[in-house]
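Worksheet: the structure to be examined is printed underneath.
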Amino acid sequence: MFWIQLVNGLMEGMTLFLIASGLTLIFGVTRIINFAHGSLYMLGAFMTYELVPLIAPGTLGGFFAAVLIAGLAVSVLGVVFEMLALRRIYGADGLMQLIVTVALVLILRDAVRMIWGPNSLSVPMPDPLMGALQIGQSYFPLFPIAVFAAGLVVVGAMIWTIYFTRAGILLRAGTDDRGMVALCGVNEKLIFTAVFAAGAFLAGLAGGLAAPYGEVNHLLDTTVIVSAFIVCVIGGLGNLYGALAGALVVGITKAIGVMYFPRLSMVLIFLIMALVLIARSMGRQGGSAR
Amino acid sequence: MDPILSARHIRKSYGAFVALRDISLDIPRGERHALIGPNGAGKSTFIACVAGQLSGVEGQMLFKDENVTALQPAALARRGIGRTFQISRAFLQMSVLENMMAAHVIASGRWASLSRAIYAERAERACAMLDTVGLADRARDRVADLSLGDRKRLEFGMALVGEPDLLLLDEPTAGMSIKERHALMEMVAARVDAEGRTLIFVEHDIDVVMKIAQRVTVMVRGAVLAAGTPAEIKANDEVQAVYLGGGH
Amino acid sequence: MTDPRILWAQVARAAVNWKLIAPLLIAVEALNWLAPASTSTMLTEIAILALFAASLNLLMSFGHMVSFGHAAYFGLGAYGFTLAVVRAGLPPEAALLAGPMVAALGGLIFGALCVRLTEIYFAMLTLACAQITYTVLFQWYDFTGGDTGITGFMTPRLGLSEAGYASFALWTVVLAVLALWVIVKSPLGLMIRAVGQDRARAEALGLGARKVQLTAFVIAAFFAGIAGTLYAVLHGSAFPDYAGLSLTLDGLIMVVLGGLNSFAGGIWGAVIYQLLSTFVPKVIHEWELVLGFVLLGICLAMPHGFVGLLKRLGLGRKGGK
């Protein structure tokens, strides 16, 4: 039981990281908190639901292809939203930006309810990933392990992109100093759009990966965004490694916590977050003079 | 003379960048003291340290013989350190009068009061202060609509409301014409002398410094290069080389 | 020199424009007593949400503290009242006070944590606090009744008729909003605005910014608690959803809809939002979809909301902050 929950926790941590990393990247570059990030995750799950039966159903390759395409589709939608709405309000009041993304939450939720109905759907697991791995007396369910591994691949690709490609260098420059990127003669708008596309892709991917392991419904958006926020707060916004650590802490605490304190697992996570926040605010007392 | 402010071995770094390296400075009570130096010398950082706005500051700060090293800005303000900011920071979306009233409410310590009586009590003093800084006819205007110079004047007035023993002015004349600079600083000097306050100010206009300051500290790259009377500073070859002569 | 008396009156100006408001209130009262019971219930809900939005607006427009968890205090108000009746056995009339008190206490505890942070971190922590409240209400079956809530423990509306309770709620809300108005115009209100506009400046003048923010937070929680209590009495029930994220978002939308940086904004926003959400879903099923696009339109085209529109049309008080 413990090992099963640990593996589940690792998987949830990894999907949370994929979402939170997108949130953090977007915030790092555009200073916008995308409240609709959970909605993009939800959309990824629904897209996967549609795609799984179409692409070699039951196979491993078919499933991951479906997830990848779902992620790309969500990314395209993210770009459309960025170009039509967000682009007009960069530099506006932070609250206005937040509300614009809240508007997207409402639109997507109702759109999803219109298309797929209010009931929970389930996405079939690929056949090879059903069942569990037995080591000694312990069982390790395969699917969460596979999702965790897939997540690690994405993390690797992400690190490679950020540190070893031109796009990554621009991204880091954009996070440190936005004016500098403009000086380098790179179109700032392009970077914003690209970052939003990447963040949306990651959210869609996470939604797709996690889809077979739970219910897919129109209420996923808020559950997910709250967890992702907590991860960002623990890890520190704009900090990718912090997000990874935060996501794993939250995922594992949730899964293990459910075993011992079934009703208090969320409270436990809150306590961790509160402790981190207080520790951090002690560390930068009076840091308001920038 | 007994110093009102005594800074000992103040160090402050941001990561690898050392903004202040071992600054020690004594400011006697009642002195008008100027901090000068090229950009990036650490003048504003030092002011922020004295006002308690930075964390991770090493060294010791004594104010009126009390160790105030780790105190928060509000606590320092209540002990008698008032400041203005390099980039004017009045409350932009309020009127000039509301700004002045806010300073009065804070100075009175009655921040949690629901009674508007204090507005009436302090009205006369608030108006007198607006008169002093030359903003009486702009009382109803939003600060955001004021010129930079007017904002600086307003900030100075607000800082005086708290009757600080030590007044820190970070580039009070930036953005003003030469004539305005001299007028403002002469007014400040007269006011500070009459009320027995101590003044530390950061200033780039050397003529203003020479006229207003009784003593000058020259900072370069986070360290004190020289200190002395304006005449001594003017005569100092090293200062001439790095600063006064340096095409400024 | 300008006459100080005229000037201080400018700062202290707190006159409520009764010429405009009194006829409005009388009209609402008349409608309440003449129209069918369902209209009275609708009016009650509008009044309650107007108070909720006004309390959130105190934080947002004046303190520049964007709370993403204000529903928690609405929920705590409702449950504070309900549990005082169900668990402590207080008569409902006496329990009315318990709701706002519990909400204020919750605001004190959560607020003490939240005000250590600024801007976006503040928003995220308020959200987390609210979700915790929601989870506890949702999962603690033995005490809060869990996801099925608590119902049937009292006669709804304290036994008053629909119109009678609507009248009670309306005047309670009017008094509460007046109290908020007095607070905004008081020295405390000035301090809340000062910290909201430039925290470092306020601190440099000697103000303990956190204390001010915490005070504002507790006040806002208290008034949200009044709204929650009124709501629990209206339906004679309490559900975890009262503390849910959708109510928080509703509140934020109301404030933006009505217009940020204006006292009346939250109230107007609540009225418009409630009217829309009552009538539009009857015509268009996908009401959230419509709302989303309306919201997008407002943010992109009309950033000052409904009150801004009124001002542009020359209605409403000038500079009516």
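Among the conditions (1) under 23 Å from residue B:187 (Cα atoms); (2) within 9 Å of chain C (Cβ to nearest Cβ); (3) without any contact (Cβ under 8 Å) to a residue 60 or more places away in the chain; (4) among the β-branched types (Val, Ile, Thr), residue B:84 misses just one, which is (3).
Assess whether residue C:216 counts as being of a type in the set (Gly, Ala, Ser), under 16 Å from residue C:86 (Cα atoms) and either part of a helix (DSSP H, G or I) or modelled with pLDDT under 95 (or both).
Values: of a type in the set (Gly, Ala, Ser): yes; under 16 Å from residue C:86 (Cα atoms): no; either part of a helix (DSSP H, G or I) or modelled with pLDDT under 95 (or both): yes.
It is false that residue C:216 is of a type in the set (Gly, Ala, Ser), under 16 Å from residue C:86 (Cα atoms) and either part of a helix (DSSP H, G or I) or modelled with pLDDT under 95 (or both).
Taking the criterion of being of a type in the set (Phe, Trp, Tyr) and more than 14 Å from chain C (Cβ to nearest Cβ), the residues of the stretch A:200-246 that qualify are A:201, A:213, A:241.
Any idea which of C:200, C:176 is surrounded by fewer than 24 Cβ atoms within 10 Å (Cβ to Cβ), free of Cβ contacts under 8 Å to residues at least 40 places away in the same chain and in a helix (DSSP H, G or I)? Working first, answer last.
Working: C:176 fails: free of Cβ contacts under 8 Å to residues at least 40 places away in the same chain.
Residue meeting the stated conditions: C:200.
Which is facing chain C (nearest Cβ under 9 Å), outside any helix (DSSP H, G or I) and out of contact with any Leu (no Cβ under 8 Å at 6 or more places or on another chain), of B:140, B:110, B:125? Exactly one of B:140, B:110, B:125 is facing chain C (nearest Cβ under 9 Å), outside any helix (DSSP H, G or I) and out of contact with any Leu (no Cβ under 8 Å at 6 or more places or on another chain), namely B:110. Has the stretch C:78-91 got any residue that is within 19 Å of residue C:109 (Cβ to Cβ), out of contact with any strand residue (DSSP E or B) (no Cβ under 8 Å at 6 or more places or on another chain) and crowded, with 24+ Cβ neighbours inside 10 Å? Scanning the stretch C:78-91, I find at least one residue that is within 19 Å of residue C:109 (Cβ to Cβ), out of contact with any strand residue (DSSP E or B) (no Cβ under 8 Å at 6 or more places or on another chain) and crowded, with 24+ Cβ neighbours inside 10 Å, so the answer is yes. If the condition is being within 10 Å of chain C (Cβ to nearest Cβ) and either crowded, with 20+ Cβ neighbours inside 10 Å or within 23 Å of the chain's Cα centre (by Cα) (or both), then the stretch B:128-137 contributes B:128, B:130, B:131, B:136. Scanning the stretch B:87-98 for residues that are at the interface with chain C (Cβ under 8 Å from one of its Cβ atoms) and not in a strand (DSSP E or B), we see that the one that is surrounded by the most Cβ atoms within 10 Å (Cβ to Cβ) is B:90. Applying the selection to the stretch C:196-213, what residues are at pLDDT 95 or above and of a type in the set (A, V, I, L, M, F, W, C)? C:212 - this is the single residue of the stretch C:196-213 that is at pLDDT 95 or above and of a type in the set (A, V, I, L, M, F, W, C). Scanning the stretch B:152-177 for residues that are within 15 Å of residue B:107 (Cβ to Cβ) and in a strand (DSSP E or B) yields a count of 1.
Modelled with pLDDT of 85 or more, buried (at least 17 other Cβ atoms within 10 Å of the Cβ) and either away from every other protein chain (no Cβ under 11 Å) or in a loop (DSSP other than H, G, I, E, B) (or both), is that true of residue C:127? So residue C:127 fails the test.
Please verify whether residue B:54 is touching a residue at least 60 places away in the same chain (Cβ under 8 Å) and surrounded by 15 or more Cβ atoms within 10 Å (Cβ to Cβ), treating the condition exactly as stated. Talk me through it step by step, then tell me what you get.
Details: touching a residue at least 60 places away in the same chain (Cβ under 8 Å): no; surrounded by 15 or more Cβ atoms within 10 Å (Cβ to Cβ): yes.
Taking the combined requirement at face value, the residue does not satisfy it.
When the stretch B:8-29 is filtered for residues that are surrounded by 16 or more Cβ atoms within 10 Å (Cβ to Cβ), in contact (Cβ under 8 Å) with a residue 40 or more places away in the chain and out of contact with any helix residue (DSSP H, G or I) (no Cβ under 7 Å at 6 or more places or on another chain), the ones remaining, listed by number, are B:11, B:25, B:27. Put simply, of B:206, B:200 the only residue that is more than 20 Å from residue B:51 (Cβ to Cβ), in contact with a strand residue (DSSP E or B) (Cβ under 9 Å, 6 or more places away or on another chain) and in contact (Cβ under 8 Å) with a residue 60 or more places away in the chain is B:206. The criterion of at least 3 residues that are without any contact (Cβ under 8 Å) to a residue 12 or more places away in the chain is met by the following helices (runs of 4 or more DSSP H) wholly inside the stretch A:1-113: A:60-84.
Of everything in the stretch B:169-187, what is without any contact (Cβ under 8 Å) to a residue 40 or more places away in the chain and of a type outside the set (A, V, I, L, M, F, W, C)? Give them in sequence order. Outline the logic, then answer.
Within the stretch B:169-187, the subset without any contact (Cβ under 8 Å) to a residue 40 or more places away in the chain is B:173, B:175-186.
Within the stretch B:169-187, B:173, B:175, B:177, B:179, B:180, B:181, B:182, B:186 meet the criteria.
Taking residues in the stretch A:267-290 that are within 14 Å of chain B (Cβ to nearest Cβ), and partners anywhere that are modelled with pLDDT of 70 or more and assigned to a helix (DSSP H, G or I), the pairs with Cβ atoms closer than 6 Å and at least 6 places apart or on different chains are A:288/C:199; A:288/C:200; A:289/B:48; A:289/C:200. For the stretch C:97-121, filtering for residues that are surrounded by fewer than 21 Cβ atoms within 10 Å (Cβ to Cβ) and either at pLDDT 90 or above or closer than 16 Å to residue C:248 by Cβ (or both) leaves 7.
Restricted to the stretch A:98-145, and to residues there that are more than 14 Å from chain C (Cβ to nearest Cβ) and among the aromatic types (Phe, Trp, Tyr), the residue that is nearest to residue A:84 (Cα to Cα) is A:143. Could you say whether any residue in the stretch C:250-272 is modelled with pLDDT under 95, closer than 30 Å to residue B:160 by Cβ and within 14 Å of chain B (Cβ to nearest Cβ)? Yes, the stretch C:250-272 has at least one match.
Go through the stretch C:102-118 and give me each residue that's assigned to a helix (DSSP H, G or I) and more than 7 Å from chain A (Cβ to nearest Cβ). Walk me through it before giving the result.
Narrowing the stretch C:102-118 to residues assigned to a helix (DSSP H, G or I): C:102-114.
Of everything in the stretch C:102-118, those that are assigned to a helix (DSSP H, G or I) and more than 7 Å from chain A (Cβ to nearest Cβ) turn out to be C:102, C:103, C:104, C:105, C:106, C:107, C:108, C:109, C:110, C:111, C:112, C:114.
Residues in the stretch C:22-32 that are surrounded by 14 or more Cβ atoms within 10 Å (Cβ to Cβ) and either modelled with pLDDT under 85 or not β-branched (Val, Ile, Thr) (or both): C:29, C:31, C:32.
The single condition from (1) away from chain B (no Cβ under 14 Å); (2) of a type in the set (Phe, Trp, Tyr); (3) assigned to a helix (DSSP H, G or I) that residue C:153 fails is (3).
Restricting to the stretch A:126-174, give me the number of residues that are closer than 23 Å to residue A:55 by Cβ and among the charged types (D, E, K, R). Matching residues across the stretch A:126-174 total 1.
Taken together, C:315, C:310 contain a single residue that is part of a loop (DSSP other than H, G, I, E, B), within 25 Å of residue C:55 (Cβ to Cβ), more than 12 Å from every other protein chain (Cβ to nearest Cβ) and modelled with pLDDT under 90, which is C:315.
Could you look through the stretch B:18-32, keep only residues that are part of a strand (DSSP E or B) and farther than 13 Å from residue B:223 by Cα, and pick out the one that is nearest to the chain's Cα centre (by Cα)? It would help to see each step written out before you state the result.
Taking the stretch B:18-32 first, the residues part of a strand (DSSP E or B) are B:18-28, B:32.
Going one step further and asking which of them are farther than 13 Å from residue B:223 by Cα, we end up with B:26-28, B:32.
Values: B:26: 16, B:27: 14, B:28: 16, B:32: 11 Å.
In this case the residue turns out to be B:32.
Candidates in the stretch C:279-294 are the residues that are more than 7 Å from chain A (Cβ to nearest Cβ) and hydrophobic (A, V, I, L, M, F, W, C); of these, the one that is surrounded by the fewest Cβ atoms within 10 Å (Cβ to Cβ) is C:283.
The values are calculated or read from the model by the stated rules, or taken from the named source; none is laboratory data. Note that the structure is a prediction, hence the values are computed from the model and not measured. Every residue, glycine among them, receives a Cβ derived from its backbone with ideal geometry; neighbour counts consider all protein chains shown.
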